[in-house]
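Q: The structure that follows is given in the form of structure tokens.
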Amino acid sequence: MDVLVIGNGGREHAIITSIAKSPMVGKIYCMKGNAGIAEIAECVDVNFMDSSAVCDWLKHHKNVEYTIVAPDDPLAAGLVDALQANGHRAFGPNQKAAEIESSKAFAKSLMKKYNIPTAAYEIFEDYEKALEYVRNGKFPVVLKADGLALGKGVLICESLQDAENGLRQIMLDKAFGAAGNKVVVEEFLQGKEFTPGEEVSILTFTDGKTIVPMVSSCDHKRAMDGDKGLNTGGMGTFSPCPFYTKEVADEVMEKILLPTIHAMNAEGRPFKGVLYFGLMRTPEGMKVVEYNARFGDPETQVVLPMLKTDLMEIFQAITDERLSEIKIEWEEGACVCVVLASGGYPQHYEKGKEIKIGNLDKEVFLYHAGTTRENGVLKTSGGRVIGICAKGKDVEKAREIVYRNIQKISFEGMQYRHDIGIKYIKSI
């Protein structure tokens, strides 16, 4: 079958690379794609936030039998609902189910109602009340813009001054637009060993009845080495997570994954697609930091390369609510991804910088995010530009390959973290 993929980043490049291996898949189209995606799919210049435009395109491309909606914004806007209403088979949660990501206030209220472990919190729509609350609280504290903010609407505030500045930025200055109309003020979760960064990402396949976890991964959100600097969409990832043992996975399945699926069903919002769980290991056990209603980015770039089962077969089983019939298998070993970003990201950065790529080792693969090709020349077109990835027998070997090959890629202002995967090595 011919397939349309919605999105234009590294996550979509990874998804397209994976489904292209399937004997079930014919031609692949992508809205809007990037320079890397264009090497394996036909890129279509249609605004995927305009559901009527997407449906109109599909009306004129009757050969396309399946659409995969990958990013958060079109899911939150109800693109899957529109596709299904027009008779198209589509992968991804509907708008009501996607609210588990598009509203942090909804997600926190859901967890509270169904006793799913998470950080203590309060929700505010009034700036003065939020200010009064943080002035009487303890630090660090976490501020979250309620809506979608490209992964950047979370501020970890070490002091009262940081919190006051953060509330002003979110609620008054509208740094994240309408996403900041409400703010969640949340307890800062301390790691079990009282060290930072004990977070793990668990992506799951679910058809609303069955839930199947993928291999674990660890994202690095902060812009600079040592988890310093501003939050970004993600500066790199490695898989697997060293502390996510079978015992921990069993605890998470019992206390978090299954209860979340049951809660969504009880609320009349059955979730079909990929449900992402951002988790923290604390002295009280695993707790939910956040939900995403889709594949994570850049987690997808280290998880899908380890998948042995046909991804399109899994997608079809989810659409048809027969996921329990599929055996999903994974490769042994590890995978590492380091994001090469534009200078100044996640704030102001310039585009249009020429990208030069040398002769990379055969084990290396690139997932393009913010790239374009102008007159045959590869150039930057976004904040996160390329994810450079490699597999290995363990994280240490995979990261060694990645960092050796980063030296063969260059563009003006290129920045990246030098410590992706160091936590894994230190934990051994």
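The values are calculated or read from the model by the stated rules, or taken from the named source; none is laboratory data. Since the model is a prediction, treat every value here as computed from it, not as a measurement. When we count neighbours, we look across all protein chains shown, and the Cβ atoms used for this are built from the backbone with ideal geometry, even at glycine. Quick note on the areas: whole protein, heavy atoms, side chains included, nothing else; ligands and nucleic acids left out. Shrake-Rupley method; radii C 1.70, N 1.55, O 1.52, S 1.80 Å.
Q: By how many nm would the segment from residue 187 to residue 348 grow when fully extended, if each residue of separation counts as 0.36 nm and the alpha-carbon distance is taken off?
A: 55.0 nm
Q: I want to verify a result. In a Gaussian network model of the chain, Cα cutoff 10 Å, which of these has the top mean-square fluctuation: 137, 387, 278?
A: Of 137, 387, 278, the Gaussian network model singles out 137 as fluctuating most.
Q: Report, to the nearest whole %, how much of the accessible area of region 312-384 belongs to carbon and sulfur atoms, 1.4 Å probe, protein only.
A: Ligands and nucleic acids excluded, carbon and sulfur reach 38 percent.
Q: Continuing with this model, one more query. Among residues other than residue 94 whose Cβ falls under 9 Å from its Cβ, what is the net charge (Lys/Arg +1, Asp/Glu -1)?
A: +2
Q: Something else: Taking only protein heavy atoms and a 1.4 Å probe, what accessible area per residue, in Å², does the chain have with all protein chains in place?
A: Ligands and nucleic acids excluded, the result is 42 Å² per residue.
Q: If you add up the charges near residue 376, with Lys and Arg at +1 and Asp and Glu at -1, over every other residue whose beta carbon is less than 14 angstrom from its beta carbon, what do you get?
A: 0
Q: Based on Cα coordinates alone, diagonalise the gyration tensor for region 53-159, multiply each eigenvalue by 5, take square roots, and list the semi-axes in whole Å, largest first.
A: For region 53-159, the semi-axes come out at 38, 14, 11 Å.
Q: Under 1.5 on a/c is rounded, so check that first for the chain, then, if it is not, pick prolate when a/b is larger than b/c and oblate when it is not; a ≥ b ≥ c are the square roots of the alpha carbon gyration tensor eigenvalues.
A: Rounded, because the longest to shortest axis ratio a/c is under 1.5.
Q: Quick one, could you list the DSSP H helices from the chain stretching 15 Å or more along their long axis (Cα atoms) with average Kyte-Doolittle hydropathy of -1.0 or above?
A: Span-like helices in the chain: 395-406.
Q: Of all accessible surface on region 1-135 at a 1.4 Å probe, what whole percent is carbon and sulfur?
A: Carbon with sulfur: 46 percent of the solvent-accessible area.
Q: Under a GNM of the chain (C-alpha, springs under 10 Å), which listed residue has the highest mean-square fluctuation: 242, 213, 23?
A: The residue with the greatest mean-square fluctuation here is 23.
Q: First compute the accessible area of region 195-242 with a 1.4 Å probe, then give the percent of it belonging to carbon and sulfur atoms.
A: Of all accessible area on region 195-242, carbon and sulfur atoms account for 61 percent.
Q: Testing the spin-label approximation: label points 7 Å from Cα along Cα→Cβ at residue 267 and residue 160. State their distance in nm.
A: The two pseudo-label positions are separated by 3.5 nm.
Q: Once the mean 1/r over all distinct Cα pairs of region 150-276 is inverted, what Kirkwood radius in angstroms do you read off?
A: Evaluated on region 150-276, it is 17.0 Å.
Q: Once you place label points 7 Å from the Cα toward the Cβ at residue 377 and residue 120, how far apart are they in nm?
A: If labels sit at residue 377 and residue 120, their model points lie 5.8 nm apart.
Q: Restricting the calculation to Cα positions, tell me the Rg (one decimal) and the Dmax (whole number) of region 7-63 in Å.
A: 11.5, 31
Q: Gap in Å between the Cα centre of region 2-75 and the Cα centre of region 95-125?
A: So the separation of the two Cα centres works out to 30 Å.
Q: A further question on this structure: I'd like the distance separating the alpha-carbon centroids of region 276-308 and region 320-385, in whole Å.
A: Answer, in whole Å: 18.
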